Structure formats: structure tokens, C-alpha cells
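The values are calculated or read from the model by the stated rules, or taken from the named source; none is laboratory data. Bear in mind that the values here come from a model prediction, so they are computed numbers and not experimental data. FYI the Cβ positions are ideal-geometry reconstructions off the backbone, even for glycines, and counts take in every protein chain you see.
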Amino acid sequence: MTTSPERVEAEDLRLREWVRDAVSDGWLATATYPGHESITTAVRLSKEGWGAQAIIRGNPADSISVWGPDRLTVLVPIKYSWETLQEGLTTCQFCHKRNTPTVRISFAGRCCTECRAILAPKLEYPGWAS
Ligand SMILES: [Zn+2]
């Protein structure tokens, strides 16, 4: 699959805005690779036990990941929203069911108990973590 330069540029603009809004909302931004790469292209964010990492390098793989105080990832809203991130703690990343208890799946994924029962045998086969 190819991604047009315009599409990558638009996505990077969105990611920069996401990071800027997070910082405005009290997240602390630090360089992911201090001394090696600019904070503008690889940045870590933290707030109240939460963490995030954004890669914004003009590359189709650019993205932002966010994890809660329990170290499990949450679905990342298109536009930064502290409230939506909080809701992510009780939202399944697979079936998107809301207001449900969530548990770890795979390395740091988050899902509801019903999805875990279905997904664990597929994702956590013998040797999955090696
Ligand atoms: Zn689910």
C-alpha cells in the first residue's frame, strides 16, 4: 500500500496538534532520544502516571501510542481529549465495548474479558513473546 506525501503531511499535522494539545493540558514532553533526535520528531509525554510516545518523521508509519497508569494501551482519539483517554481505560480495543472491565492481551493491549477468551489462544500461542 502506498501513502501519498500529502496524506503523510496531513497526518503529521494532526499528530503535532495532538501533542501540542496534550502539552497545553499539562502533559510533560521530553525527547525520546535526547541528544540524537529532535523532540519535534520523537517525543515522550507523561501526565499523572499516563504515558505516550509520538513519532512524527514525515513517514507513513508515524503514530502516537498512549498507555494508562496500568501500563496497558488505550485507543487514541483522533483529536486529543483527556476525557476520551480516561474512557479508554474501560473500553475494549477489539470490540470497542465501553464501560467494561478490561484486562491485558498480548504485550500491552487492552480488551474486555469476552474478547480475551477469544483472542488469547490466537495471540498468545506458545512462544508468542519470544
Ligand atoms: Zn471486547
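Restricting attention to region 78-103, the residues being surrounded by 15 or more Cβ atoms within 10 Å (Cβ to Cβ), more than 16 Å from residue 17 (Cα to Cα) and in contact with a helix residue (DSSP H, G or I) (Cβ under 7 Å, 6 or more places away or on another chain) number 3.
Got a sec? Which of 116, 98 is part of a helix (DSSP H, G or I), within 13 Å of the ligand (Cβ to nearest atom), on the phi < 0 side of the Ramachandran plot and not assigned by TED's automatic domain parsing to the domain that holds residue 52? Criteria check complete, one pass: 116. Taking residue 25, is it among the charged types (D, E, K, R), over 28 Å from residue 4 (Cα atoms) and in contact with a helix residue (DSSP H, G or I) (Cβ under 6 Å, 6 or more places away or on another chain)? When the stated conditions are applied, residue 25 passes them. The strands (runs of 3 or more DSSP E) located wholly in region 3-77 that include 2 or more residues which are in contact (Cβ under 8 Å) with a residue 40 or more places away in the chain and surrounded by 12 or more Cβ atoms within 10 Å (Cβ to Cβ) occupy 63-67.
Whether a residue is away from the ligand (no atom under 16 Å from the Cβ), among the charged types (D, E, K, R) and out of contact with any helix residue (DSSP H, G or I) (no Cβ under 8 Å at 6 or more places or on another chain) was assessed, and residue 70 passes this test. For residues in region 94-130 being among the hydrophobic types (A, V, I, L, M, F, W, C) and without any contact (Cβ under 8 Å) to a residue 12 or more places away in the chain, which is farthest from residue 70 (Cα to Cα)? Here the answer is 118.
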